[in-house]
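See structure below.
The values are calculated or read from the model by the stated rules, or taken from the named source; none is laboratory data. Model, not experiment: these values are computed from the prediction. Heads up, the Cβs are rebuilt from the backbone with ideal geometry, glycines too, and the neighbour counts pull from every protein chain shown. Accessible surface is based on the protein model in full, side chains and every heavy atom, while ligands, DNA and RNA are left aside. Shrake-Rupley method; radii C 1.70, N 1.55, O 1.52, S 1.80 Å.
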Amino acid sequence: MNRIAFIGLGNMGAPMALNLAKAGHALVVYDLLPAGVAQLTTAGAQSAGSAKEAVAGADIVITMLPASQHVEGLYLGEDLLAHIDPKALVIDCSTIAPEAARKVAAAAQARGISMLDAPVSGGTAGAAAGTLTFIVGGDAGALARGRPVLEQMGRNVFHAGPAGSGQVAKICNNMLLGVLMAGTAEALALGVANGLDPKVLSEIIAKSSGRNWATEVYNPWPGVMDNVPASRGYAGGFGTDLMLKDLGLASEAAVATRSSTPLGALARNLYAMHSAGGHGKLDFSSIVRLFKGGD
Ligand code: NAD
């Protein structure tokens with residue numbers, strides 16, 4: 001059993017932290033908003049009045065925040081690292097820029113603190129079921145220390161390489177996910193416009209060569225699948241603005257290495273248009289509305 005500080009209890013952080021509470025860890029949690037905190041205190045976690053209070057005496061500090069600015073702002077801007085025991089292990093599960101992950105890890109190391117970047121894949125359902133994939137960057141020894149706790153929140157733990165590598169791998173995965181979701185939405189809208197039932201078409205694609213994660217577990221068309229954001233007005237899930245952020249990170253990584261990512265660039269523009277249309281807070285599978293019109 002560890003004393004774990006968990007900061008950032010949104011769509012992903014709250015279910016991840018709940019799995020750690022169920023596993024019997026002593027959890028101290030903090031978020032700027034009350035909803036996630038309430039879920040955790042009901043499960044027996046202690047609520048802290050600030051991030052600094054949460055990390056005091058923690059063996060492991062886990063953060064699950066929206067973007068680079070939040071992670072840099074907390075660890076460096078608010079100087080949270082100064083309040084963390086040098087013997088503690090810090091694991092940031094947010095998806096952020098690789099340079100930001102390296103910068104914060106280097107600042108942690110300067111204080112003798114081990115830090116991993118460990119972004120996740122698997123969505124909110126994977127977070128709730130404890131079946132996430134962790135994509136880890138950092139020192140192998142630090143990962144060996146963190147692995148038992150990561151395995152209580154996920155099924156697969158990959159070591160991508162040194163600090164920042166987890167973020168690079170995650171960005172590549174999400175660029176592909178953004179492209180596949182937009183492509184799935186486009187194909188479904190085409191089929192429906194030509195007289196097909198979206199459920200029947202989805203079943204066909206799910207067993208044919210066009211199948212992918214969206215057709216298998218995260219269908220974007222309303223009413224085709226239960227328990228996905230499309231069937232609850234695109235509430236919860238993975239926000240369009242978070243996907244837009246990840247496609248922006250992919251684009252920055254491409255510019256930095258003079259790589260060509262034409263499909264990633266097109267997908268980024270599609271999600272940007274969708275966000276500008278007022279859908280930024282909806283789950284990213286709502287991109288289907290660009291093709292089928294609003295509902
Ligand atoms: P979210 O917006 O639902 O949750 C983020 C939480 O962080 C919010 O509750 C917010 O109040 C809190 N927060 C922000 N700044 C804070 C601070 N300084 N101190 C304390 N709390 C703070 O986002 P999410 O969907 O949970 O995603 C979190 C990260 O995981 C993002 O980087 C996202 O790209 C990534 N991700 C999300 C999914 C998904 O399906 N939602 C899947 C994989 C990865």
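I'd like to know if segment 16-37 contains one or more residues that are near the ligand (Cβ under 9 Å from one of its atoms), open to solvent by 10 Å² or more (accessible area, probe 1.4 Å) and among the polar types (S, T, N, Q).
Checking segment 16-37: not a single residue is near the ligand (Cβ under 9 Å from one of its atoms), open to solvent by 10 Å² or more (accessible area, probe 1.4 Å) and among the polar types (S, T, N, Q).
Select, from Leu188, Leu201, Leu244, Leu176, the only residue that is within 14 Å of the ligand (Cβ to nearest atom), open to solvent by less than 40 Å² (accessible area, probe 1.4 Å) and either part of a helix (DSSP H, G or I) or not basic (Lys, Arg) (or both).
None of the other options fit; the residue is Leu244.
Got at least one residue in segment 74-83 being assigned to a loop (DSSP other than H, G, I, E, B) and at pLDDT below 95?
No, segment 74-83 has no match at all.
Can you go through Ser231, Ser209 and tell me which one is surrounded by fewer than 17 Cβ atoms within 10 Å (Cβ to Cβ), free of Cβ contacts under 8 Å to residues at least 40 places away in the same chain, in a loop (DSSP other than H, G, I, E, B) and among the hydroxyl-bearing types (Ser, Thr, Tyr)?
Sole residue among the options that is surrounded by fewer than 17 Cβ atoms within 10 Å (Cβ to Cβ), free of Cβ contacts under 8 Å to residues at least 40 places away in the same chain, in a loop (DSSP other than H, G, I, E, B) and among the hydroxyl-bearing types (Ser, Thr, Tyr): Ser209.
For Lys170, all conditions in the list (1) over 30 Å from Ala140 (Cα atoms); (2) in contact (Cβ under 8 Å) with a residue 60 or more places away in the chain; (3) among the basic types (Lys, Arg) hold save one; what is the number of the exception?
It is condition (1) that Lys170 fails.
Here is a list: Gly264, Gly223, Gly236. Which entry is in a loop (DSSP other than H, G, I, E, B) and modelled with pLDDT of 95 or more?
Exactly one of Gly264, Gly223, Gly236 is in a loop (DSSP other than H, G, I, E, B) and modelled with pLDDT of 95 or more, namely Gly223.
Only one of (1) among the charged types (D, E, K, R); (2) within 16 Å of Ala160 (Cβ to Cβ); (3) within 15 Å of the ligand (Cβ to nearest atom) fails for Asp79. Which number is that?
Unmet for Asp79, out of (1) among the charged types (D, E, K, R); (2) within 16 Å of Ala160 (Cβ to Cβ); (3) within 15 Å of the ligand (Cβ to nearest atom): (2).
Would you mind stating whether Leu40 is assigned to a helix (DSSP H, G or I), at pLDDT 95 or above, within 13 Å of the ligand (Cβ to nearest atom) and under 20 Å from the mean Cα position of the chain (by Cα)?
Yes; evaluated as a whole, the condition is true for this residue.
So, in segment 275-289, exactly how many residues are under 14 Å from Ala235 (Cβ atoms), assigned to a helix (DSSP H, G or I) and open to solvent by less than 10 Å² (accessible area, probe 1.4 Å)?
Looking only at that region, the number is 3.
Just for strands (runs of 3 or more DSSP E) wholly inside segment 85-166: which have at least 1 residues that are within 21 Å of Leu20 (Cβ to Cβ) and open to solvent by 60 Å² or more (accessible area, probe 1.4 Å)?
154-161
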